[in-house]
Amino acid sequence: MNCDGVRELLPEHALGVAGGRGRAVQEHLARCAACRKESRDLHRAAATLSFALAPASPPPGLEADVVARVRSAAGTAPVPRRPRRGLTLVLAATLALGGIGGGAVLAGRDSGEIQPEQIQGRQDGLDAFRRLVEASRLADDETEASLAVLMSPDGGPGSGSAMAIVAPSVRDRAIVVTSGLGSQRGVFPYSVWLADADGSFIKVGTARSLATDGGFTVGRILGEDQDLSGYVNVLVRNGRGKVVLSGTLTSEVSLPTPAP
Amino acid sequence: MGQAAFGAQAVYRKEHHVQAHEGPLLPGEELALMQGLMAGEDAAIRALYARFGRPVYTMGLRLLGTRESAEELTQDVFLTAWRKAARFDPARGRLSTWLMTIAHNLAVDRLRRDTGVSRPKLVLVDQVPEAPGVDEEALVIEHDEALRAIASLSDAEKRLIARTYFRGMTAREISEADGIPLGTVKTRLRSALIKVRRANDAKEAP
């Protein structure tokens, strides 16, 4: 959506009646300072109107209810929240990964007998996945968590998985776990990118060495004003610039049943 | 809530070594309050409630019509504020704007979800002879701003604002109900909001 389209919607957005188009407006505002200022002014005007209502007195017990509910949410025993479908899939994926090792499982490959050191080698990445999922659970209902299976586009070695969280309440973030890549001369550094449909790229990270299973884990938490919406294509390039793994982020990842 | 509200703010200022002063919170105080909210600090939550509990509850009662709905909305607003507290930036606007936008969005979501429910008669502050218990200075200032804003609108614009902001009707719904072009409704909405904004810009000018 361009500036003209957004500005036509801004009055309704400020008045809280933009409906489903509000998300598109928010995405534009995240990258357009001029429209953001216009939006801020209109929101300020609209908020003024809220004080035009004849004041009413809340019941005496409401303050205690509010304090208890916020403290419960902020404390060590947060109020249980029902995870969304996408998040449930992520949790399931995380559990599966935790059982028998990362990228190979998501890529549907028969990885054979997994050595203990390989499991250990993935542990850091899996812990990172878990932390991300926990972080997303604290965010509001608009949080989107998505996964990607990464495979070689030309049948080469290696596999991997990626997860991205797009949320209005916490900074957007992404993590990529790989395994089975080559370490021959010239392939370093590996770099991981997210791309949108317009060809814009966001770098997730760089790997200059591999773990014992031939993999690495990189992650990135974006800045406050950055947005991962639309960045669904995951690319892993080697030091020569060749794409060695790729995949598409989606909330509907089907997980293959691990071999017994 | 009047004196109690003022007391909670004073306690919070004392506990956080903020120099005592009357009137609205300063930007630095707003940020400190939100950081306290994020951490789930009792004093911060109470100070925030003391400042905004009444307007948020008012929003719920006047728009949704029942005490139960208003209480539920109030709890949801403060919980949402806690979840989104990290996004509050005093450089981008006042805390009152931020919090009342959350309150309004949640209220309108419910209004539009609960179709068919009878709505209460809208009662604006200038329609009651004396606002009972409104003795907090910050609230008085905001009521003054609201009255100034409403007074700057024509009757048609007041009606338009009431149907959107207080009743949750979209521009398209108004266009279809009144048989006027959608573009005209949008233009009038924008014009009305600009008038509201200018009414208070003029007040702030020297």
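The values are calculated or read from the model by the stated rules, or taken from the named source; none is laboratory data. What you see is a predicted model; the values in this text were computed from it and never measured. As a convention, Cβ positions derive from the backbone with ideal geometry for all residues, glycine included, and neighbour counts pool all protein chains shown.
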(request) Can you tell me which residue within the stretch A:9-45, out of those that are within 20 Å of A:ASP196 (Cβ to Cβ) and among the aliphatic types (A, V, I, L, M), is farthest from the other protein chains (Cβ to nearest Cβ)? (result) A:ALA24
(request) May I ask you to list the residues in the stretch B:32-70 that are within 20 Å of A:PHE51 (Cβ to Cβ) and charged (D, E, K, R)? (result) B:ARG51, B:ARG54, B:ARG62
(request) Give the residues of the stretch A:158-197 that are of a type in the set (D, E, K, R) and without any contact (Cβ under 8 Å) to a residue 24 or more places away in the chain, sorted by residue number. (result) A:ARG185
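Counting only residues that are out of contact with any Ser or Thr (no Cβ under 8 Å at 6 or more places or on another chain) and hydroxyl-bearing (Ser, Thr, Tyr), which one in the stretch B:151-164 is surrounded by the fewest Cβ atoms within 10 Å (Cβ to Cβ)?
Restricting to residues being out of contact with any Ser or Thr (no Cβ under 8 Å at 6 or more places or on another chain) and hydroxyl-bearing (Ser, Thr, Tyr), the top hit is B:SER154.
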(request) Could you please find all residues in the stretch B:30-45 being farther than 19 Å from B:LYS84 by Cβ and among the charged types (D, E, K, R)? (result) B:ASP42
(message) Among the residues that make up the stretch B:130-140, is at least one of them more than 19 Å from A:GLY16 (Cβ to Cβ), at the interface with chain A (Cβ under 8 Å from one of its Cβ atoms) and at pLDDT 90 or above?
(response) no
(request) Select from the stretch A:1-59 the residues that are aliphatic (A, V, I, L, M), assigned to a helix (DSSP H, G or I) and in contact with a Leu (Cβ under 6 Å, 6 or more places away or on another chain) and list them in ascending order. (result) A:LEU10, A:ALA14, A:VAL25, A:LEU42, A:ALA45, A:ALA46
